Amino acid sequence: MVAARIIDGKAVAARIRAEVKAKAAALTEKGTRPGLAVILVGDDPASRIYVNGKKKACAELGLYSEGYDLPATIPQAELIALIGRLNADPRIHGILVQLPLPAGFDERAVLAAIDPRKDVDGLHPVNMGRLLAGLPGFVPCTPAGVMELIREAGTEIKGAECVVVGRSELVGKPAALLLLAAHGTVTICHSRTRNLAEVCRRADILVVAVGRPGLVTAGMIKPGATVIDVGTNRLPDGRLVGDVDFAAALEVAGAITPVPGGVGPMTITMLMWNTLQAALWAMEGSPF
Ligand code: NAP
């Protein structure tokens with residue numbers, strides 16, 4: 001018997017995109033069209049697909065976008081100089097540097113060159129600090145999407161046992177901080193966690209962001225739990241799967257995101273949301 005409700009990330013993303021489109025149109029009428037600069041360095045095929053997806057989403061939602069396609073051989077100083085020009089460009093409200101950068105670049109230095117008010121990926125230390133301090137700022141797109149999906153599931157976070165598996169700066173850590181800010185009781189697990197299964201079984205809300213297919217089995221899920229699977233893994237047979245054994249977890253969880261069609265569609269959507277927010281703040285005054 002299938003117990004879990006499947007959380008439809010595509011539907012949630014479509015709803016938020018419609019809202020961004022309407023608000024972007026209203027802003028454009030007032031003279032500020034939200035604009036995003038997308039910088040790709042090198043020719044990693046996966047990165048190119050992500051970058052194209054971001055530019056396409058801008059076009060669909062009526063946002064202005066500029067793409068910069070730079071060779072992997074570009075000196076870091078030139079990349080930082082480009083970011084400096086975009087920081088000063090009033091048409092650009094958000095700057096996104098597609099990660100990972102090719103070998104040889106100092107990713108932290110490059111991200112730190114972005115004006116925090118244009119850091120729509122939420123990876124500048126100022127925005128990380130603002131998230132830690134509970135101040136308004138830009139939240140990384142994937143964990144922001146995770147929060148929307150938990151809300152969609154109707155799961156109350158306040159007081160809930162929340163377990164986040166994975167502690168990356170991109171997903172795990174910010175997801176944990178967002179759950180904490182929403183008054184969850186949060187545990188963060190990682191590769192050195194002892195008794196991962198036992199810790200996961202305590203979770204009313206389980207967020208998994210590791211990158212290992214089949215890591216979370218049905219026996220690690222509390223009956224009725226809300227499970228958000230961030231993992232995106234390509235199997236040798238070409239199938240895309242998450243970190244959770246989806247078919248088995250369906251029998252135990254209360255609500256669960258599929259892969260694909262769960263967290264995936266949310267990431268670009270939240271980037272569009274952040275770009276809209278950046279334009280609003282540029283017009284009305286930013287909180288920082
Ligand atoms: P990451 O930087 O590689 O971090 C993986 C985390 O998992 C690390 O904190 C690592 O622990 C932990 N880990 C590794 N093995 C573990 C184990 N056996 N048990 C418990 N924890 C373990 O990856 P990421 O960038 O956070 O991404 C995670 C997954 O989400 C990937 O599959 C990625 O493709 C996917 N993703 C999806 C989207 C989307 O839009 N859907 C966006 C971003 C990422 P240590 O810190 O101890 O090494």
* Asked: Residues of segment 136-152 being away from the ligand (no atom under 15 Å from the Cβ) and either surrounded by fewer than 18 Cβ atoms within 10 Å (Cβ to Cβ) or not in a helix (DSSP H, G or I) (or both), which ones?
  -> 136, 137, 138, 151
* Does segment 204-219 contain at least one residue that is more than 16 Å from the ligand (Cβ to nearest atom) and not small (Gly, Ala, Ser)? -> yes
* To do: Would you please list the contacts, defined by Cβ atoms under 8 Å and residues six or more apart or on different chains, that run from a residue in segment 126-145 that is over 15 Å from residue 114 (Cα atoms) to a residue that is at pLDDT below 95 and hydrophobic (A, V, I, L, M, F, W, C)?
  => 130/288; 135/288; 136/288
* Across segment 168-186, what is the number of residues that are within 13 Å of the ligand (Cβ to nearest atom) and surrounded by fewer than 18 Cβ atoms within 10 Å (Cβ to Cβ)? -> 2
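The values are calculated or read from the model by the stated rules, or taken from the named source; none is laboratory data. On a predicted model such as this, the values are computed, not experimentally measured, just so you know. Using ideal geometry, Cβ is built from the backbone for each residue, glycine included, and neighbour counts are taken over all protein chains shown.
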